[in-house]
1. Per-residue HN-Hα couplings for the range 88-101, Karplus 6.51 cos²θ - 1.76 cosθ + 1.60 at θ = phi - 60°, whole Hz, x for Gly and Pro?
2. Summing +1 for each Lys or Arg and -1 for each Asp or Glu, what net charge is found among the other residues whose Cβ lies under 12 Å from the Cβ of I8?
3. Using a/c under 1.5 as the rounded threshold, could you call the range 61-158 rounded, prolate or oblate? The axes a ≥ b ≥ c are square roots of the C-alpha gyration tensor eigenvalues, and prolate needs a/b larger than b/c, oblate otherwise.
4. Between the DSSP loop rule and a limit of at most 13 other Cβ atoms within 10 Å, which trypsin sites (Lys or Arg not before Pro) in the range 1-72 are left?
5. Share of antiparallel DSSP beta bridges in the chain, in percent to the nearest 5?
6. Would you work out if the range 94-218 is rounded, prolate or oblate? Take a ≥ b ≥ c from the square roots of the eigenvalues of the alpha-carbon gyration tensor; rounded if a/c is under 1.5, else prolate when a/b is larger than b/c, oblate otherwise.
7. Over 5 Å intervals from 0, what percent of Cα-Cα pairs in the range 174-218 sits in each interval?
8. How long is the gain from D3 to Q138 if the chain were fully straight, where each residue apart is worth 0.36 nm and the alpha carbon distance is subtracted?
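Taken together, the values in this text are just the output of simple stated rules run on the coordinates, not laboratory data. Since this is a predicted model, take the numbers as computed values, not measurements. Glycine gets a Cβ as well: all are built from the backbone with ideal geometry, and neighbour counts include every protein chain shown.
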Amino acid sequence: PSDLVIAIDGTSGSGKSSTSRGVADRLGLRYLDTGAMFRAMTWWLLRQGIDVRDGDAVAARCEEPEILSGTDPTGPGIVVDGIDVGRAIRTDEVNAAVSHVSVVPAVRTRLLHLQRDVIDGGGIVVEGRDIGSVVWPQAQLKLYLTADPGARAARRAAEAGGADVASTRESLLSRDRIDSGRATAPLTMADGAVHLDTTPYSLDEVIDQVVALAEAAG
Ligand code: C5P
């Protein structure tokens with residue numbers, strides 16, 4: 001049905017983005033990358049010179065940036081105060097800072113409202129860490145994607161044009177630790193979610209599996 005919502009949560013680098021975009025494209029659905037929203041917030045805070053480990057300072061300013069998310073799975077992603085930050089949010093600096101920003105409850109509350117405004121009406125694939133558990137627990141299909149850390153790091157490093165695999169692995173695992181350990185909306189497998197370990201599969205195989213589940217669910 002047109003109100004279909006597919007929630008795709010999971011660890012960093014497990015293939016959530018490529019899978020979510022591919023599934024949305026195949027099924028003619030919209031797509032929302034909630035990680036990009038946390039990254040956009042982080043990019044803006046860093047640009048203001050705010051110490052991202054100072055939760056009070058982050059909370060005091062997090063209402064200020066205007067964050068607009070594109071929902072075309074093959075189109076541009078995210079705009080902050082009129083600036084397309086699609087590339088700027090994928091730097092090492094943002095990677096290292098984003099999990100500190102996303103623990104702050106005021107940040108989560110603000111982005112939660114933006115996320116629900118986009119999801120409302122359905123027909124969308126939404127990826128993140130807390131979509132099935134907090135943002136949209138009523139989603140008709142919930143996936144929890146994981147992959148072997150070595151496989152994840154190899155994929156990410158290759159995407160980044162040959163970055164160092166060992167340091168990429170540490171960066172992914174560090175984000176997972178912070179994301180899983182936080183008090184508000186931690187990374188966790190939601191009730192009713194289907195666990196998919198993507199390690200042995202190609203992207204097309206993962207997309208096929210999710211599309212089959214979506215057809216059964218919707
Ligand atoms: O998905 P991506 O790796 O781009 O997400 C970046 C970071 O944003 C995550 O490591 C996490 O700290 C935060 N995030 C979150 N909740 C979401 C999506 C992302 O806390 N729903």
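1. Using θ = phi - 60°, the values come out as 4, 7, 9, 7, 4, 4, 5, 3, 6, 9, 4, 5, 6, 5 Hz.
2. Combined, the nearby Lys, Arg, Asp and Glu give 0.
3. rounded
4. For trypsin sites (Lys or Arg not before Pro) across the range 1-72 that sit outside H, G, I, E and B with at most 13 neighbouring Cβ atoms in 10 Å, the list reads R53.
5. That works out to approximately 20 percent antiparallel.
6. oblate
7. 5, 17, 17, 18, 19, 14, 9, 0
8. 47.5 nm
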